[in-house]
């Protein structure tokens, strides 16, 4: 991933341009102070929300603004449920030494110059922002201390800070940050290298349980999400595309649709040839959402499917079963002599497979676009607002500063909103009107026009030697390509993939089958399926060796070491061992269990996070699986917000379980066969296990927790089902293998 | 049509007499706390109360609700802004991740507690099965409901 060229650039500005600041914080008024991002009501257009920022505000960088009235911290990145609207400002507040209850958090608008990368993905937010956010808080604190030192005519080293206050202990004098803001604003901004950061032992706020900054608006139903956007004279749109990806409009009964009650206009859009942007289709624009949706029932489109997807999951599965008998043409890695080792050891084989799945983020795709005054103004729930901005500029031939993107809270992302196709559609539709237009996808659109998590197949053979250790590992990974020889997103496999570094004779080959329907990043891409395959097969080998899986895994990890010395984002076997032991101990690994009950253990390293999970499972005579409890051991370095971290772990486990039990999208003739939640089951509360999260607070750099607790879940549960029943689970969802 | 929402009468003109309550609330009355998720009564994001019963507002025609008492998430807190105990429990337990389903979850939980002041865990699970949380916050939803009901948490 691309790194911000200079992460400190935002702090090297010596004096803030007040006019630029005013422009940027124009939305920082009214409702925002109550913690509501863009509370646009019909009576109150967004532009009327602008309130001038105080000219005497102390704003030493893009994140901190202090006036006599309060402390504001700007949250730069999209909030999609991963908690960064709370955790990022907490990092600033920690180094600032602001009392959390004194802080007002405002979602920043998009500005790459001020904030660098503003995006949600790859669990990269926290590790990327950790130092810049700490430095932003520390610089502000440094200047407030300097202002107090000047006022009191004492040396700054005599001063300390606590709860938004500078303290001179020798004389007992105190000044609040609010009182100091005006004087601090006149001081030069120091170089970040001249400012001391706290030692982690001095943290007061980080690691505590802090509630989300939007909790009150959320529980009262206040407008927060993209779909909640309301503007004067708003029009409502729906967009109908060919159900087989890539089909084009041959003809449509546009004139009849235009006559329907409530319909304002209907028209055909040509695609721009890029499925990540604009596919061909028919737009219907109406006076309310229901009129637009209802008009779809009358719309008749003849699709030209000559270039459309013909994908069929039944055909590709049949082909994969044939291919599994051979090795793949593409060699990913070939260490040692796998064939010799297989011949000499005790062999185990297994064919693993997993289905395509949908993101099913609960807020349907939507964007509100308003073309006015030469500006395309957007309210979009997106994981990649900066890419949305540049894409829109290219799409309708504007400069980037003529495209304004308001970051709206997103009702789930999971990778789906990394792609801004709905933004492109909304913009091209809205460009034809002088009124704002909200485009809302139906759930059926979301199900059919997803960028799916790719399915895949693995033919594995391995062996254990006389000592019960893995002597050989061979995997033929059968996946998909959109063409050009590259695997689809989520369909690639690294040569260093776990357990490769621990096995001398290790061979992975790959075959790619053609596939047209777009695939995309889905929570912990690649890891979310490879973890299932490899961690289950490891269990097959430990079972073949007659060894306890905990003992086997710990032996595999060996002595504490970095697998890539000097890379703090590499797997560290000591950290792995610690979380494996922690999860096992807390779950009561090794205890006697009644018939039909089992424990399963899996470890997986992804996104620089070391995470082990133990699932306790009951299975009845009808093969009905109940996951009773999941125990998780986590090492992601320091914890920013304990409440948020625990929530992410619990949610990832539930998501992993939901997906493995019964989620699959199948395709025939390029069409997704599942159209809505009656055919695509999301886990409901009666099947939700208790999830216990245990954290090791380590001294290593922090990493994100939006994704890495998901991959270990499926193998932990599958291994537990084997423990309970003696039957292997090699297929996801498990409902496709007869489990209920 | 005339709808009673959160104790107030609203005169609403809609284009189609089969417009679901969900879209009348969101598009016509500007009450966007009630969410659109699936449109077929499978996800529960649109849950409101009709005469005190939890109902999918996406699957009921607004025109059929004249004379009925409709309560939405916006009507749950007291007039002075004091949160309903279920809302307060939700905030205290920091339930939400993305938060999109939560107004529907809160409406369903509130209806449950009106009927069963001290529900068992099984009663909670069964009553809440109509609302999906895609982020998987079920552990905390249980805790919040138990808090609101004054039930001590199971170990």
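Annotations for the structure displayed:
- Single residue of A:119, A:136 found to be touching a residue at least 40 places away in the same chain (Cβ under 8 Å), within 34 Å of the chain's Cα centre (by Cα) and assigned to a loop (DSSP other than H, G, I, E, B): A:119
- Checking the stated criteria, residue A:340 turns out not to satisfy the condition of being more than 30 Å from residue A:241 (Cα to Cα) and part of a strand (DSSP E or B).
- Residue B:48 within 25 Å of residue A:363 (Cα to Cα), under 17 Å from the mean Cα position of the chain (by Cα), within 12 Å of chain A (Cβ to nearest Cβ) and part of a strand (DSSP E or B): yes
- Residue A:468 vs. criteria surrounded by fewer than 23 Cβ atoms within 10 Å (Cβ to Cβ) and at pLDDT below 95: no
- Filter pass, residue A:565 being surrounded by fewer than 22 Cβ atoms within 10 Å (Cβ to Cβ) and not in a helix (DSSP H, G or I): yes
- Within region A:195-232, the set of residues being over 15 Å from residue A:96 (Cα atoms) and away from chain B (no Cβ under 12 Å) comprises A:201, A:207.
- Selection status of residue B:54, in contact (Cβ under 8 Å) with a residue 60 or more places away in the chain, closer than 30 Å to residue A:293 by Cβ and in a strand (DSSP E or B): yes
- Counting only strands (runs of 3 or more DSSP E) that sit wholly inside region A:233-293, those with at least 2 residues that are away from every other protein chain (no Cβ under 14 Å) and surrounded by fewer than 19 Cβ atoms within 10 Å (Cβ to Cβ) are A:248-252, A:263-269.
- Matching helices (runs of 4 or more DSSP H) fully within region B:72-155 where at least 2 residues are out of contact with any strand residue (DSSP E or B) (no Cβ under 7 Å at 6 or more places or on another chain), free of Cβ contacts under 8 Å to residues at least 40 places away in the same chain and facing chain A (nearest Cβ under 7 Å): B:85-92, B:102-115, B:121-128
- Candidates A:641, A:647, filtered to the one that is crowded, with 24+ Cβ neighbours inside 10 Å, under 21 Å from the mean Cα position of the chain (by Cα), within 11 Å of chain B (Cβ to nearest Cβ) and farther than 25 Å from residue A:364 by Cα: A:641
- Tallying residues that are more than 19 Å from residue A:226 (Cα to Cα), touching a residue at least 24 places away in the same chain (Cβ under 8 Å) and either part of a helix (DSSP H, G or I) or more than 9 Å from chain A (Cβ to nearest Cβ) (or both) within region B:12-43 yields 3.
- Residue check: residue A:147 meets all listed conditions (1) outside any loop (DSSP other than H, G, I, E, B); (2) buried (at least 20 other Cβ atoms within 10 Å of the Cβ); (3) within 40 Å of the chain's Cα centre (by Cα); (4) away from chain B (no Cβ under 14 Å) but one, namely (3).
- Some residue of region A:311-320 being part of a loop (DSSP other than H, G, I, E, B), within 30 Å of residue A:426 (Cβ to Cβ) and in contact (Cβ under 8 Å) with a residue 60 or more places away in the chain: yes
The values are calculated or read from the model by the stated rules, or taken from the named source; none is laboratory data. Since the structure is predicted, the reported quantities are computational estimates derived from the model, not experimental observations. Here Cβ is always computed from backbone atoms with ideal geometry, including for glycine, and neighbour counts include all displayed protein chains.
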